[in-house]
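See below for the structure under consideration.
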Amino acid sequence: MTLAVSRRRGRRTPVDWPVVWSIVRRDLTAVRRSKGVVIPMLLVPTLLMIVLPLVIGIAARRVSGPTTSISFLDAIPDRLAEPIAALPPQEQLLTLVLGFLLAPLFLIVPLMVSAVIAADAFAGEKERRTMETLLHLPITDRDLFLAKLLTGMVPALAVSWGGFAAFTVVANAVSWSYVDGLIVPNQLWLVMIFWVAPAVALLGLGIMVRVSARSQTSQEANQLGGAVILPLIFLTVGQSTGLLLVDLSVGLAVGATVWVLAGLLVWRGARQFTRDRIASTT
Amino acid sequence: MTSPTTAIRTEALSRSFDGRLALDGLDLEVASGEVLALLGPNGAGKTTTVRLLNGVLRPDRGAATVLGLDSTEDGDEVRRRTGVLTENAGLDDRLTARENLEFAARIRGFGAAEAARRVDDQLERFAMGDQADLPTAGFSTGQRKRLALARALLHDPEILFLDEPTSGLDPTATRDVTNLIGTLARQHGRTVVLATHFLGEAGRIADRMAVLDHGRLRAIGRPDDLAAELWDGIPADIDLGRPATSSVLGLIAAVDGVIHHEVRATGTTINVRDRAAFARVLHTLSTQDVDVFGANLRRASMEDVYFALENSFATEREPAT
Ligand SMILES: Nc1ncnc2c1ncn2[C@@H]1O[C@H](COP(=O)(O)OP(=O)(O)O)[C@@H](O)[C@H]1O
Ligand SMILES: [Mg+2]
């Protein structure tokens, strides 16, 4: 028995990428056709990345005195506040809110998208009773798990980055007449988009892999996952709003911490993602 | 060493769930090209056996060798060469019939063009061409089974595992699917393991039957051989147009060579030691002026053997009653 196990571990087959991408493509095709998945996935990013900057842009036009933004500036570190305080009032508000305060809030997007899709890819597959078909196909457990991770990761990054592109256009458009040059992208946003967001997406996946192993339906997984992920969102947003504004290096460190956490969760998930275990629970 | 004509071989194959044995020491050998009916009531361990053979589940004890490969160690290689029709068709209802099949073809390593060609061929063969581009959500159980069977055959598997292939089908669909399986086995020489709790027409196409009960293999062999073990003698039906009366049964029982007799709606079914005894029974009935509308000495059907075995397990389990 021990011998058999060690022999199995010792033999490493390379990842079969065509097979992995076939699964990802099929999963995403199916997901695109589920209104229950697509609508929340597009609604939240639209509100956060397009509607919110528009509203802020319109609100900024009504600011006449320095009062509103000064109270914001009191709350953030001097090193950041001083250059902003030197700007005219409208420019202060726009630079502060669009350039800095919204950045942590944006993390909701990758977290939500990856979690919703992962629930569909793991628990949903059980629910639709298509998992057993997959298990009877020549796919290694590792490749199947990898495919499912990519199924969550690809749309999470696509929506995040696409959303950020839209946000960049809207944010700069609404502030064009008040601000010299572009508000975004700035360093903080770049760290958020390319470093923290992928980590947060992976964290969403890691959580949902665990949750899905215990749920029979994607709805159940979403409820259970929501219970874990929502407080996490507030914590992340709350903490990072403070932390990330302190220093860019703190932003990098926050990202690194999330990467490690997500990596651990996913690694555990991968170890438990075996045919035998999945077949035993379906 | 497994001989080249052995397709499947298991030794003491066992698996439990939550401490309860679902399969208990299965020893089985299936020859290449053979159609084996794996029979047993719900919960007997048929699906577990299929999953173990295809390397989806790991055995707690024992081993399975399929096409000369260890099902656990070389699971993916085994699965490359087998096709499975699972109990539930397992179609993604958000995809069309064609998309469901193409997905499986791509996973099995066919390029886009070859996958498309094979899928078209299968859809044609299973008369699903008209529904090819419809989502499977609206399909009937029969259409789902056909599509799942088409998917299981895309890659010309050497072994076909069919788990309850006719459950949920109406009589016509059952006959169609059964005929199809029979053709596959006969014409293409495929090894088929047909797991079912519902004998229906399965008996018609299987060479041998294996009967599982509570995870244990209780009998395996050709129906005729098993019949000979179960009962001495040959069963025969006598059509009297109505249930046999006790006086008629008395006449029959008194004939030398009659082992057993039972009342049927249209007469009686008897067991005779040999053909001569059967002739004596018919002679007795005609001399006593009993109207006989038909009489037939038959070979044991898989169904007879199965129900007789089931009965014997039941009496073993409840010796008091
Ligand atoms: N994943 C599982 N978890 C717990 N028990 C299981 C599981 N799979 C099968 N069993 C049990 O094992 C026995 C055999 O099941 P199965 O192989 O599905 O039987 P069959 O296919 O003959 O109806 C049953 O008692 C069933 O309840
Ligand atoms: Mg079953």
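The values are calculated or read from the model by the stated rules, or taken from the named source; none is laboratory data. Predicted, not measured: the structure shown is a model, and the values here were computed from it. Glycine also receives a Cβ, built like all others from the backbone with ideal geometry; neighbour counts cover every protein chain displayed.
Scoring B:SER71 on the criteria (1) within 16 Å of ligand 1 (Cβ to nearest atom); (2) closer than 30 Å to A:LEU28 by Cβ; (3) of a type in the set (S, T, N, Q) leaves a single failure, condition (2). Considering (1) surrounded by fewer than 19 Cβ atoms within 10 Å (Cβ to Cβ); (2) of a type outside the set (Phe, Trp, Tyr); (3) assigned to a loop (DSSP other than H, G, I, E, B); (4) away from ligand 2 (no atom under 16 Å from the Cβ), the lone condition that B:PRO41 does not fulfil carries the number (4).
Every residue, every condition in (1) hydrophobic (A, V, I, L, M, F, W, C); (2) in contact with a Cys (Cβ under 9 Å, 6 or more places away or on another chain); (3) free of Cβ contacts under 8 Å to residues at least 24 places away in the same chain; (4) not in a loop (DSSP other than H, G, I, E, B), yes or no:
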| position | (1), (2), (3), (4) |
| --- | --- |
| A:ASP143 | no, no, no, yes |
| A:PRO155 | no, no, no, yes |
| A:ALA166 | yes, no, no, yes |
| A:LEU188 | yes, no, no, yes |
| A:ALA201 | yes, no, no, yes |
| A:VAL209 | yes, no, no, yes |
| A:GLY225 | no, no, no, yes |
| A:VAL228 | yes, no, yes, yes |
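For B:GLY55, the conditions (1) part of a strand (DSSP E or B); (2) buried (at least 24 other Cβ atoms within 10 Å of the Cβ); (3) more than 11 Å from ligand 1 (Cβ to nearest atom); (4) not acidic (Asp, Glu) all hold with the exception of (1).
Within the range A:147-184, being within 14 Å of chain B (Cβ to nearest Cβ) and of a type in the set (A, V, I, L, M) holds for one residue alone: A:ALA147.
When residues in the range B:193-221 are screened for being part of a strand (DSSP E or B), away from ligand 1 (no atom under 15 Å from the Cβ) and crowded, with 23+ Cβ neighbours inside 10 Å, 0 of them pass.
When B:ALA116, B:ALA105 are checked against the criterion of being modelled with pLDDT of 95 or more, surrounded by 21 or more Cβ atoms within 10 Å (Cβ to Cβ) and more than 8 Å from chain A (Cβ to nearest Cβ), a single residue qualifies: B:ALA105. Criterion first (farther than 30 Å from B:ASP60 by Cβ, under 17 Å from the mean Cα position of the chain (by Cα) and buried (at least 19 other Cβ atoms within 10 Å of the Cβ)) does B:VAL248 satisfy it? In short, no. Here's a check for you: in the range B:222-246, which residue that is of a type in the set (A, V, I, L, M) and outside any loop (DSSP other than H, G, I, E, B) is nearest to B:PHE313 (Cα to Cα)? Filtering the range B:222-246 for residues that are of a type in the set (A, V, I, L, M) and outside any loop (DSSP other than H, G, I, E, B), the one nearest to B:PHE313 (Cα to Cα) comes out as B:LEU230.
One residue alone among B:LEU162, B:LEU169, B:LEU154 is of a type outside the set (D, E, K, R), under 30 Å from B:PHE313 (Cβ atoms) and away from ligand 1 (no atom under 16 Å from the Cβ), and that residue is B:LEU169.
B:LEU28: within 19 Å of B:THR196 (Cα to Cα), within 13 Å of ligand 2 (Cβ to nearest atom), more than 14 Å from chain A (Cβ to nearest Cβ) and not in a loop (DSSP other than H, G, I, E, B), yes or no? No: the conditions fail for B:LEU28. Taking the conditions exactly as written (within 14 Å of another protein chain (Cβ to nearest Cβ), more than 16 Å from ligand 2 (Cβ to nearest atom) and crowded, with 20+ Cβ neighbours inside 10 Å), does B:LEU162 satisfy them or not? No, not satisfied.
The set of residues in the range B:76-88 being surrounded by fewer than 23 Cβ atoms within 10 Å (Cβ to Cβ) and more than 7 Å from every other protein chain (Cβ to nearest Cβ) consists of B:GLU77, B:ARG81, B:GLU87.
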